[in-house]
Structures are given as structure tokens and as C-alpha cells.
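Each remark here refers to the structure printed beneath this line.
The values are calculated or read from the model by the stated rules, or taken from the named source; none is laboratory data. The model shown is predicted, which means the values in this text are computed figures rather than measured ones. Note: ideal-geometry Cβ built from the backbone for every residue, glycine included; neighbour counts use all protein chains shown. Only protein heavy atoms, including side chains, enter the accessible area calculation; ligands, DNA and RNA are left aside. Shrake-Rupley method; radii C 1.70, N 1.55, O 1.52, S 1.80 Å.
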There are 2 protein chains.
Amino acid sequence: MSNTPQWVKDLVPSSPQGSELLQAERKGSNLSVKNLSNFLFTAETLIRRQEILKILQAEKVFDKSQNYFDGRVDRFKRALARSKRLRQLELEHKWTRQHLSDAADLISEPGPYGLHATMFLTTLRDQGTPEQHKLFLEPAQDYKYIGCYAQTELGHGSNVRGLETTATWNPEDRTFTLHSPHLTSSKWWIGSLGRTANYAVVMAQLIIGCKTYGPHPFVCQVRDLKTHQPLDGIYVGDIGPKFGYNTMDNGFLLFNKVKIPHVNLLARFSGVDPDTGAYIRPASASLIYGTLTWVRSTIVLQSGGVLARGVAIALRYTAVRRQFQDRDTPATTHGENQVLNYTMVQYRLLPLLAATFALHFTGKAMMNLYDVSQKTLRQNMSKLADKKRGVGPEESHPGTDLLADLHATSCGLKALASSTAAEGLEVTRRACGGHGYSSFAGIGSWYADYLPTPTWEGDNYMLTQQVARYLLKSARAVLNGNATNNDTSKFLRRFLEKQDTGAAHDILTVDSDIVAAFAWRAAYLTFEALKHRDDEKKSWNSLLVDFWRLSTAHSQYLVVKSFYEVLQSDSIEYELDQNTLDVLHKLFRLHALHTLEKEASEFFSSGAVTIRQIQLSRSKAVMQLLEEVRPHAIKLVDSWQFPDWQLDSSLGRYDGKVYEDMFHRASELNPLNCLTIDPYPESNIIIKKDDTEAFKSKL
Amino acid sequence: MSNTPQWVKDLVPSSPQGSELLQAERKGSNLSVKNLSNFLFTAETLIRRQEILKILQAEKVFDKSQNYFDGRVDRFKRALARSKRLRQLELEHKWTRQHLSDAADLISEPGPYGLHATMFLTTLRDQGTPEQHKLFLEPAQDYKYIGCYAQTELGHGSNVRGLETTATWNPEDRTFTLHSPHLTSSKWWIGSLGRTANYAVVMAQLIIGCKTYGPHPFVCQVRDLKTHQPLDGIYVGDIGPKFGYNTMDNGFLLFNKVKIPHVNLLARFSGVDPDTGAYIRPASASLIYGTLTWVRSTIVLQSGGVLARGVAIALRYTAVRRQFQDRDTPATTHGENQVLNYTMVQYRLLPLLAATFALHFTGKAMMNLYDVSQKTLRQNMSKLADKKRGVGPEESHPGTDLLADLHATSCGLKALASSTAAEGLEVTRRACGGHGYSSFAGIGSWYADYLPTPTWEGDNYMLTQQVARYLLKSARAVLNGNATNNDTSKFLRRFLEKQDTGAAHDILTVDSDIVAAFAWRAAYLTFEALKHRDDEKKSWNSLLVDFWRLSTAHSQYLVVKSFYEVLQSDSIEYELDQNTLDVLHKLFRLHALHTLEKEASEFFSSGAVTIRQIQLSRSKAVMQLLEEVRPHAIKLVDSWQFPDWQLDSSLGRYDGKVYEDMFHRASELNPLNCLTIDPYPESNIIIKKDDTEAFKSKL
């Protein structure tokens, strides 16, 4: 549609204009966006992001205007070109990992180097010996080898121990044979493998003699470094289109008895003695699994921002969109009502707005817990080493409790946070009405690309078993009087002590009582589950639904507590003005009371609150909070500081020019409009004229 | 990937094979699939579908193998070719509307003629005069004119009265001028308009003199019948890519003072006197809006089948997929557990399985209500005509109560049914784990194509206001003693009578008490809402969340009641064997008790049940029912009789050959694997070799 007629160009949206409405929203709130943004991210981070944005926007390869139109093959090509340029920019500007991660956030699409820079290099670094670092890590860091992490198989995802790919030790020539015995043993879903990688870390069952020693990581070249063709005995390719993530070439990989040298088994923690063929056992499993905990913590940290994109788009659009007059307003008042003024829309969006902040603070607390525990672990390890040398006091399990707590917390929060973000995004999309379905809304593709998160790094339902196991163990320790004095033991003990007298939480006026009510419910469900398992001897499988409920309850407690603790911190009054702090406090109460209302039946069957309290919370407190938060909605999403370039959304534009942008994209950027068809069914001609290629070449 | 090596072709999945597992599932249940299928659909329907399937499968144009790979432009071209062929087949085989609708179900993608055959022809037929039928309907029926229905605008969807497009009467030459005064007045989302239609029914504000008479339907040619280029003063095109529905060319349309003759205003119900310019008022609004009620009823009818596709895929796959050993099983037992044996998976999928049947029966009841009320309406209209001629008894509003009930029922059920189906599909997709994210799962695209349904034909949240309005009105009538004796009045009255003595529903053993508990909760919420509105004089806007809850409660009651009534019908024992009937009864209880548990807090704050009953229902009844339904799961989804060709899903294959099919699609049908790239970042070459076109031409 090259030649838009002048009369179309002259059209403007009917008044009031979107830009005026958003200006009025921003004027109507006394919140300080700047203070809040700095509090959330630090000024330094925001400046760095701005600089990176400027660099990216200046490069034609990062132009996003055809993203929503391109098919799979074109999207992949473009994504590869972007990945290459990003690596070049990294070298030019001496970017750190933080810079790269900011750039990836702004570009907002998975790229074909994604798994190289993260899982491949990390695994080589963490699990390789110095010799292997020289052999594999160094060329990989220079992108001479481009790699991926091949663990999941067609038939096995969650159950890593069930992997079918084998690596058999050959003592005669000191090699391993990688082999795929069944179709189901094909590696599958491996990011960056489909078309891009020439190397892979392959998880395979180590077999020495007739004995299997479980999955171990092997480095394996899969494509020729010059021709990029698969090597002999290797069948590799892309697994096909997906619901999202189509800029990534997730791949499959089969081995037909491929021999690799002894040095290709990553041997920092375990290995095979090349002389004797004896298996060398790992020292501690917990060190190996530290990476997964870190990945889960990152998911928690990101979840708030993931959801906030949808919330920002939906809130801005519902402030611009007007539909119907208010029913109780006299007919003399002209003009339609902003959609965001309807309580049904507020009820769907504002609790999600509150959740973005809750998740953000929880993510920061989670990362903090991770850092602290890593530090403690290192200290304890060196104490242990001292002790072995006869120095220092006796201590049996260095950091075990801490690790167990960290593991359970990261599992539970990963599940809750990624489910909340994924499901919340779909709510924000629908709250945009019909236009939410357009790609130009910018929510659909973002949602679709995020949807693997609830499944990977531990399926969200599977993970809840880890939390339950930890809580059951903690409860047993509390009952046996041998619990450590961590937060979990404390709230379990408090429940036992107060169980008879009752909870008496004043949730409607006392913030700390809200937190206590969440803890109470989690404790109640823990002891209920313990009774089923230990006293009634119920099977583990029959309790999975209870465990899932328990894990959710516990994680919701952690989120509410994290938000509460941020508001209680000493420094907050220096960092935030009182107006902004007041609004943040309302968001805390909205998040907590809305969650409480949603889960009402558990709250009162546990005795954490009374039915009357729930009813008051539902009909009074929550509705009141919606009204109080409403005037600040736009500024609150502004404080997330998403550039328009990042959101790539007509509906979420900062300036409110929603309709102009929708129209521009549909009429000026849409290749389909360069097809002239033959509409009649009796003719088998489909296309009369196809100008799509000419159109694309002009872009 | 043309040359799959022999060693890859020789691979089979590890044992047990998927086919063996599904065979065992089918052996393990005494349900009669044939009886149940005939009961659901009738034998005649199933035979007709088989015949149509055979015809479609024989035609190359309907081959689905590239559907998941094609980009937007190719998908649209293919869909247009299919639409054309479908029309040709319709003529060849003298297909009825029922045949066409079956064919569309089997093809399962929206086509560019979609809005022609439905909304365009229907509107011409229903709202045109005999003269207009000759002028527009006849050529349209012959596909000489290909049309669409242009109502929604860029700035207005739900609020039809707010449409901005104008049609101004010109007395001097007896024409109307169609005009788009603002950018927001652009028609938008109009199915079949983007590239295909040459005609449109345009809803525009009728203006005579200085007065506006609200939206009226005008027939307007938009493209040249020979060149297919837009006519003068018309700017038309496709609105761009969407989350789904990309085989349809939803379009935009702007008018620059386009003149159309007087006869182009569809004038069966209202119009303009060409001589005097006087407005001719419609006789009854209810006749005009009958179409929308019919469309909503159809959505309810289809919702069960829509959801059942996802449930069928997920249940078959989770019966084939095995992961982990049972935790409490002695380690000596070998082999992994079918995923469907985990209670957490059962808890997510089996209530949805039950919901498919509940929705199917509700849809049939809804269609029945529609047919009965149309009949009664016609009788009453003719009585009214008699009365005008002085025959028959006095009656003021013929069928008004019935229409109000029909309208409210169709609004509430449309909202509940389409939300249940849409959200349920996403649950089934996730229950398939990682593979659910692959396009080959067959759920993602089906879900994405279905997602407009919760928004169109009345946004699901908006519609709940209609239900609340009806229930409030009914409650007032009951309190005033002037209610008609329909089901709504009955359950409201029962609540008032028993309110003081209490409900005492025995939900755990008596089926009719379950239905009564749902009615009780709906009645309680109705009188609560009435109190807020009439006594406390709360604003309509402040009650929208209560209204939404009320509407949901009422619609859930209707669904449970519909399922119950099917089981109570006299004929059922002749149509179904006892085994099958027993399983159906379990599904009824599972659906009802699971819904009750999910909405627990409303059930006990209304006094419909006690906390103890909920706890027992949750921990005992529901878990027990899951165990009892589990053995019949596969046969229950078999009874929906989806051919593999329709599901187009690797995971949902009837024969259980899940992994073979996934692998075949990824390696043999995937054009991306015909690209050889240059992987190194320092090279700006992306593609070394591109064989995609050669690959496509070979297909």
C-alpha cells in the first residue's frame, strides 16, 4: 500500500486524543516516576540501558518493523544476523554480560547464539578441567566453536536419569562411543542446535564395562567447521515451528556410534581413569546443581518485568480507549468513559500491576538469598577443609540447611512467579479487547515467547514436590525439636504454639498480620500434608495435589513477605518521597488482600482469618484500594521505563497515539496488501498480481 | 532433509510402544465408544462426517502437511484456494449448510469466504426487502458478489451506538453519502474484507437533515468486479497479522464521501421514505437481535468440541508418555510410569474431560431453548396479529419473558463456555509438557484461532452485565409477587423460603442436591446484588465485579443442571448401556464437585454447603472420582470421534505413534532444514546455501 491517498493522511482520531488522555493521567498523580524508577533499578542501570538503546536503534539490522509480518524462515535469518551484529557490538564497545543482557531485553527475541553464550560456555567453565578449558572453552569464547547444551530427549525431559543416549567407554583406544539406541533417545528441543551450533555438550549415560553410571556431560563436535555440514554418524536438524520462540533453532540430534576422545568427558567433578577404566566419583552433587538454582532465581527476578510489559500496554490502552457512557451518569454528560474507569477492568488489571512490583521485590530477595548462600557455602567449604586439617570446630553438614532452603525457595518461587507472569500476560491481552488480538498489540508474541518458562528448568507442577518435601522435612524437625532457627521453622513453630488459642489476625488494618496470615495458612497446610503422609501413610502420588496447593501457599507467603520487608526497610524513606511510598504501600495491600481473596477457602478453612474478614476484604478493602490506585496507574507503569522500541506495541505507546500507529502498521507495513487476488470460486486462479517481493525490497 | 540415512529410518521408540499403551487403555475399559458417540452426535451425523472426510482427503488442496510451516502470505493463499474448492465441492455434491459446516470443522481453519457465507448472506436475507433480495442476495448467493459485514471500527467495538461512520440522506438525488469522519471511524477487524470481498454490508449512523437515527445497514460495493481494485473514494486493506486466525483477511475500510443509491439501505425493518425523507421506524428490536442470540447459542454448542480436541490430544499423549518411577513403588519394578497416572496430571485433565461433556449437553439444551422460543415467538406474533384483527385473548408483551430469559441465558453461557474452552485448551497444552509447545502438538494454533471467541459477539465480561440485569429484574418480580413461573423465579423463591431454616444440601450423596446447591448460591448472590443496587443505591459501575461473579455462578448452575437433566431423561437407559451410563454419571459428579471446590468460598459464604462438606468433597470425593474415571479416559475422548486428519497432531494420534510422527514432521517436512548458514559472528554472510524453494516445489 505505497500510495496512501491524501484524504486518508488527513484523518485524525476522534477527540479527545490519546495523547491528551495520557497527559491528563500523568498530571493527575503526584507519584514521582523518577524516584520510583531509581528505587526499582538504580539510576546507573537506567542510564546504561539508554546508552545501549541508542546504539541498537542506530543499526538497521535491529529495525523491528517487519517482525510481526515475517514467516519462520525470514525471522530466523534476521535473528541470526542480529546475533552476529550483537557479538560484533560486544567487542567494539567492550560490553560486559550485563550490557549484553540489557541489549537482549531491548531486542526482546531469542537469538540463535542464545544457548552458546549461556549454557554452553557456563557448562564448559563450571564442569571442565583446566586442560579442557584450553581445548574447548577458549575457542568457544572466541566463537570459533559455537555450542549448545544437549540434555532433553524426544522421550525424556523432566526425568534426567531416564535419558537414553549412551556414552560407552572403550578401554582399547581410550575413547567413548556416543550412541542413540532408540528414536526416543534423539536429543530434542536443544536451543541453537537446529541450524547454528557446530559443537554440543551432550548429556549421555556413561557406561563402563557392563555398568551404567548415570548421565554425564560430553563435548562433541556436530558440524564441520568449514562446510557446516553434519559430521559422519550424526543426524541433526531443526525440530520445526513452535507456539513461539521461532527465532531460535531448537534442534534434534542422533548419534550412530560416534567416537570421541577421553578428554571430551567434562571431568572437573567426575570422570574415568584412562589407565584403569575406573569411575571417579563426584565430590558433592550440590555444587553441580548450583547452576539450576541460579537459573531459577533469574526466572523469579525477571518475572515482574515480563508481566509489567503486558500491564503497561493494557493500562495505557485502556486509559486511551473509551467505550460507553457511565450508566449512572446523567445523559446530558457527553463523551464516553475511559475503559480503565470500569471497575471490572480495574479488577483485572490493577492487581496484576501490584503483582509486578511484588514479583520484582521477591526476585531481588531471591537473588540476594542466592548470593548469601553461595558465600556461606564457600566459607563453610573452606572451614571444612580447615577441619580436615584439624583446625576449627566440629560441623557435620556445611551449609546443607541453607542449600535445602535455597533449593526449595527457588523451586517454589520459580513455579509461582512464571505462572503468574504467563497467565497475567494473557489477562492483559484480553483486557485490550479485540485489538489485544492484533500482533501490533505487542502482547501476543511476547506471551508466546515466554510460555516455555513455566515448563523448562523444572515443570511448574513437578517443582512443587520439591517444596513440599522440604516443608515436610522442616515440620518433622520442628516436631522433633531439632530444627535450625530459620524463618520456615519459626512460622511452623508459631502455628503449633498458637493453634489452640487461634490466629486472630487483624488483616484489615495491620500489615504484619497479613504476612502472618499467609504464614499461618502455609503452616496449616504443611501439618495437614504431614499428617496424611506420616500418620495416614498415604502414597506420595495420592498427595501431589495437596503438595501443589502447599507449595503455592508457601510461595505466596514468601512473595507477600518480600514486599512487606521492602516497605519496612530503614532506607526506603530516604529513597522515596512520601507520596510514592504511600502508593507503594497501597500496592502491597492490594496484592496481598487480592491474593487472600482469590484463595479465600484455604484461608478460612485453616483458621487464618474469619469468613467475615474475607467478606469485608472482598467487598470493601479490595474495591477501595482499586479506587485509590487507579489515579496512579499510568505513572506506575511509566516507572518500569520501557522504551517504546522495546514494547513494539501500538496499544502501549507512551504518547498514546494508539490508533495512528495501528493504522500505519496495517496500511504501510503489511505485505499482504501487495497481493491482488481473484475472488471468484469458479476460477482456480488465486493471485492476479503479487507485489510482495517488490514491497519487501523497498523496505 | 531429503536423504534420511538408513540407520535413522531403522530407529524405533524405546518400549513399550505408544500403540501398545493405547491398546491396553482401550482394553482396560468396558465403556462402549460406539454407544456414547451415537448418543452424543447420532449415527447419521457420524456417517455424514465420514463421507465428507473421504472427499476432502482425496483433494491435494486440502493437504495439511505445510500448515504449521507456512508464513502468513502462503497460509492466506492456500486458505483462499481451499475456500474456492470447497464452494466447487458444495455445488458438485449438492451439499447443505450442515455438510459445509462439517467440512469446515474437519478443515479447521478460518477461510476467506467465511463471512460471506454467514454474516453477509444472512444479513441480506434477514434485513433485505424482496427487491433487495433480487438485487443483492441472488448474485451474492451465486458468488458474483463476495461480501462481508462491516460493523466494528478502529475506535468502537462493543458500543455499537458509538459507531462513527455516517450515511447521510441526500434528498436531491435520493442517495446516501457514506463517510469516515475520523481515523477511528475506519472499519476494522472485518472478516473477508482485507483482500477478498467486493461487497460489504456497512453499519453506519443514518443522518436525515440534522438528525441522527443510529446505526443502520447499507450495502456497498468496495472493489471493482473485474479488476478487483478498490473503487473511488474507498481505502481498503488487510489489518495485518494476528495472534491466530491468519488464514482470514480481516480488513479495514474508509469512505471519502461515497454515494450509494436509496435501495442500498437494507429496509425490511426500517428505512427512509424516498419521497418525503421521513424515517420509517422498526417494528420490534427483538427480531433484529435474534441473530446475535443464535450466534451465541452456537458458540455454546461448539465449546464442548473445541475443548475436547485439546483434551483428546493431552490424554492420549499423557497415556503414551512415561516419566519417572512411582515414588512408593519398590525399586525392583522396572519401567517408568505413564504420566496420566500421576494425580496432579489427572487433576488438571480429567475435570476438563468432564467439562467437555457438560458443555456439549448444555449447548444442546441452549439450542433447544432457542428453537422453542423462536417457535413460541412466532406463535405469539401471529396471536398478536389476530388480536389486532380483534380475535383471541388480550396479551400485552408476546414472549417478552421468554426472550429475556433466552437473551440472558445465551449471554451468560456464551461467556462461561468460551472462557472454559479457551482457558482449558491452554491447560491441556501445558499438560503435554515441553512437546505441548511444538506446533505439531496441534493445540497451540487451535487455541490461538479460538481466542477471538471470548471477545467477539459480546465480550465475556461485558455480557455478564446482561445476566445480572435479568436476574435483578427477576428477583424484583419475585419479591413483588408478579414473576412468571419459570425456572429462575422458582430457584429464587425457594431460596427466600428456605433462607432461614438453611439449605442442608447433601451434596456428597444426592445428585439433585448438588444442582440445588448451585441454584442456592446463584440466588444468594442475586439477592446480595439486589440489596447493593436497590437498598444501598450503589452505582452500577461499582457493582460490575459482583455482577460478573453472579453471572458466572448462574451459568455454572445452568451447566450442572443441563448435565443432570440429560442423566435423568427417560430415554437415556435405552440409548446407553449401564457401564457407559455409570461413567457418564461419574463425569457429572466430577464436573459438579470440582466446580464447587474451585468456587468453594462462595458456596459456603452463601450457606449452600458447610465447610466440612467442601473439605470432604475436595479430599475424598473428587480424588476418588479421578481414580474411577481414569481407566475410561482414552475411550471417553475416542467417543468424540475426531479423525487424526482433523486433529493434525503428533501427540494426539489415535494409534499412539507420537514420537514417529513428531520426528517425521521435524525431519521430513521442515523447510528450515534446507538452509545451510554461516555460523561465525565475524562474517556477515547469513546463508551459505538455501534449498527451501527447491524443497517446497517438491512437496
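Taking the protein heavy atoms of segment A:118-283 in the context of the full set of protein chains, the accessible area attributed to carbon and sulfur is 53 percent at 1.4 Å.
Compute the Cα gyration tensor for chain A, then decide on rounded, prolate or oblate, letting a ≥ b ≥ c be the square roots of its eigenvalues: rounded whenever a/c is under 1.5, prolate when a/b is larger than b/c in the other cases, and oblate in all that remain.
Numbers: a/c = 1.96, a/b = 1.11, b/c = 1.77.
In terms of gyration-tensor shape, oblate.
With label points set 7 Å from Cα along Cα→Cβ, the inter-copy distances at B:I207 are 8.2 nm, sorted shortest first. Hydrodynamic estimate: the Kirkwood radius of segment A:118-283 over Cα pairs, inserted into Stokes-Einstein at 25 °C and 0.890 mPa s, corresponds to D of 154 µm²/s. Counting only protein heavy atoms and a 1.4 Å probe, segment A:118-283 has 35 square angstrom of accessible area per residue.
Can you list the trypsin sites (Lys or Arg not before Pro) in segment A:145-249 that are in a DSSP coil and have 15 or fewer other beta carbons within 10 angstrom?
A:R174, A:K226
By the rule of a C-alpha distance below 22 Å, with chain neighbours fewer than 8 residues away ignored, the lysines paired with B:K211 are B:K257, B:K259. Couplings 3J(HN,Hα) for segment A:15-20, derived from phi with the Karplus relation 6.51 cos²θ - 1.76 cosθ + 1.60 (θ = phi - 60°), are 7, x, 6, x, 5, 5 Hz, where x marks Gly and Pro. Peptide A:11-23 shows a mean partner chain C-beta count of 3 within 10 Å per residue C-beta. In this structure the amide hydrogen of A:A204, modeled in the peptide plane, comes within under 5 Å of the amide hydrogens of A:H216, A:F218, none closer than 5 places in sequence on its chain.
Divide by every residue of chain A the summed helix terms, -39500 (n - 2.57) for each DSSP H run of at least 4, and state the resulting mean residue ellipticity at 222 nm, rounded to the nearest 500 deg cm²/dmol.
Values: 26 runs with 352 residues, N = 699.
-16000 deg cm²/dmol, from helical runs alone.
The three principal axes of the C-alpha atoms in the protein assembly as shown carry coordinate ranges of 112, 76, 72 Å, sorted with the longest axis first.
For a test of the definition: using alpha carbon positions, the gyration tensor, and the 1.5 limit on a/c, classify segment B:565-610 as rounded, prolate or oblate. Note, shape of segment B:565-610 comes out prolate.
Say the cut-off is 18 Å between C-alpha atoms; which of A:K242/B:K635; B:K9/B:K657; A:K64/A:K698; B:K473/B:K537; A:K77/B:K77 go over it? Let's see the in-between values first.
Values: A:K242/B:K635 29 Å; B:K9/B:K657 15 Å; A:K64/A:K698 15 Å; B:K473/B:K537 15 Å; A:K77/B:K77 23 Å.
Going by Cα-Cα distance, A:K242/B:K635; A:K77/B:K77 fall outside the 18 Å limit.
With an a/c value of 1.5 or above and a/b larger than b/c for the gyration tensor axes a ≥ b ≥ c computed over the alpha-carbon atoms, segment B:593-699 is described as prolate.
For A:V609, the accessible surface of its heavy atoms amounts to roughly 10 Å² (probe 1.4 Å, protein chains only, rounded to the nearest 10). Where in segment B:512-539 does the amide nitrogen come within less than 20 Å of the point 7 Å from the Cα of B:T501, taken along Cα to Cβ? Residues B:512-524 qualify, since their backbone N sits under 20 Å from the label point. For B:M248, no residue has an amide H sitting under 5 Å from its own, ignoring neighbours fewer than 5 places away on the same chain, with H placed 1.01 Å from N.
Which FRET efficiency value, to the nearest 0.05, do you get for A:D655 and B:T610 by plugging their Cβ-Cβ distance into 1/(1 + (r/R0)^6) with R0 = 60 Å?
Details: r = 56 Å, r/R0 = 0.93.
Here the calculated transfer efficiency is 0.60.
Database remark: amide H of A:N170 closer than 5 angstrom to the amide H of A:T175, A:F176, A:T177 (H placed geometrically; neighbours at sequence offset of 5 or more, or on other chains; Pro and chain starts carry no H).
For chain A, relative contact order (Cα pairs under 8 Å, six or more residues apart, normalised by length) works out to 16 percent.
If r is the Cβ-Cβ distance from B:H133 to A:D326 and R0 is 41 Å, what FRET efficiency results, to the nearest 0.05? Write out the running numbers ahead of the final one.
Numbers: r = 42 Å, r/R0 = 1.02.
Once the sixth-power term is evaluated, E becomes 0.45.
Placing a label point 7 Å from Cα along the Cα-to-Cβ axis, B:E59 is separated from the same position in the other copies by 4.8 nm, shortest listed first. What aspartates and glutamates sit close enough to A:K598 to cross-link, taking a C-alpha to C-alpha distance under 17 Å and skipping anything fewer than 8 places away on the same chain? Within the straight-line cut-off, A:K598 pairs with A:E423, B:D546, B:E597, B:E599, B:E602. Mean partner shielding of peptide A:447-454, defined as the number of other chain Cβ atoms within 10 Å of each residue Cβ, is 2. For a straight C-alpha distance cut-off of 14 angstrom, the aspartates and glutamates reachable from A:K688 (same-chain residues fewer than eight places away being disregarded) are A:D678, B:D224.
Couplings for segment B:262-274, taken from phi via the Karplus curve 6.51 cos²θ - 1.76 cosθ + 1.60 with θ = phi - 60°, read 3, 5, 7, 7, 5, 10, 5, 9, 7, x, 10, 5, x Hz in order; Gly and Pro are left as x.
The HN-Hα couplings worked out from phi for segment A:501-513 by the Karplus form 6.51 cos²θ - 1.76 cosθ + 1.60 (θ = phi - 60°) are 6, x, 7, 6, 7, 8, 5, 7, 10, 10, 4, 5, 6 Hz, whole numbers, x standing for Gly and Pro.
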